[in-house]
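What follows is calculated from the coordinates using simple rules that are stated; it is not laboratory data. On a predicted model such as this, the values are computed, not experimentally measured, just so you know. When we count neighbours, we look across all protein chains shown, and the Cβ atoms used for this are built from the backbone with ideal geometry, even at glycine.
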Amino acid sequence: MTFSAKTKSTKHIPQRSCTSCRVKSDKQDLVRIVRSPEGQAVIDIAGKLPGRGTYICPDNDCIDRAEKSGSLSHALGITVQPEFWTELRNYVKSHDVNTDLKVRSVLGLARKSGTLLVGTDNIDSAKRKVLVMTASDCSEGVKRFASSRENITLNMNTEELSEVIGARGGVQIVGLPQSSGFAKKIMSLNIERGSAFE
Ligand SMILES: [Zn+2]
């Protein structure tokens, strides 16, 4: 018996539908919720709990809708206990921590590869469209500079941003060419964007 045919197809990422909005996503990007043996809704953090389960987007709109419509209760075949909704919202909030880590890793890699534009001068002289990202405590001037471009306010201050990109300090703004894979990765993370995006 050989497994060669099987190993070739292991790149397939399983898809699941959100119980609230019904949109299909990669299984790993959804929160799995199972019905415990005691008939309670439980967040399946490691994705390994047995039992009747369903999936939901880590998104407050989807959670609100699932609570109002009863879709989660229906999917699990129980009435979800009221305190579970708070637990789920808190869990999703902590999911943002993962987003922060991803942003940090992308910025670090972009800096190493020489793709990251550091400071307003470098962003200004770039010939391509740039996604700009500002530190949470950047100056009014930098804020104004960013607001005329597609921009994201990072969940890190000047000191943290400088550290992430290995700069000496005082970095308030960085940019990535929008056509770069790094910018696309950042934009796929669902971070709230500045008004220039609209
Ligand atoms: Zn959803």
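Overview of results
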quantity	calculated
Value of [θ]222 nm, deg cm²/dmol, for the chain, DSSP H segments ≥ 4, -39500 (n - 2.57) each, nearest 500	-12000 deg cm²/dmol
Antiparallel content of DSSP bridges confined to the chain, in %, to 5	80 percent
Per-pair calculated FRET efficiency, R0 = 25 Å: L101 and D124 via Cβ, rounded to 0.05	0.25
Rounded to whole Å, sorted largest first: equivalent-ellipsoid semi-axes of segment 99-197, Cα gyration tensor	16, 16, 14
Overall Cα dimensions of the chain, principal axis frame, Å, largest first	59, 51, 30
Full-stretch length increase - E192, K24 - with 0.36 nm per residue and alpha-carbon distance subtracted	58.3 nm
Gaussian network model of the chain, Cα within-10 Å springs - most flexible of I78, I165, I63	I78
Spin-label zone in segment 28-45 - amide nitrogen under 20 Å from a point set 7 Å from the Cα of D64 along the C-beta vector	31
Restraint check, K68/K102; K68/K143; K24/K102; K93/K184; K24/K129; K24/K112, Cα-Cα greater than 27 Å	K68/K102; K68/K143; K24/K129; K24/K112
Rh (Kirkwood; distinct C-alpha pairs) - segment 114-154, Å	10.5 Å
Computed over segment 12-80, the ratio Rg/Rh where both radii use C-alpha atoms and Rh is Kirkwood	0.94
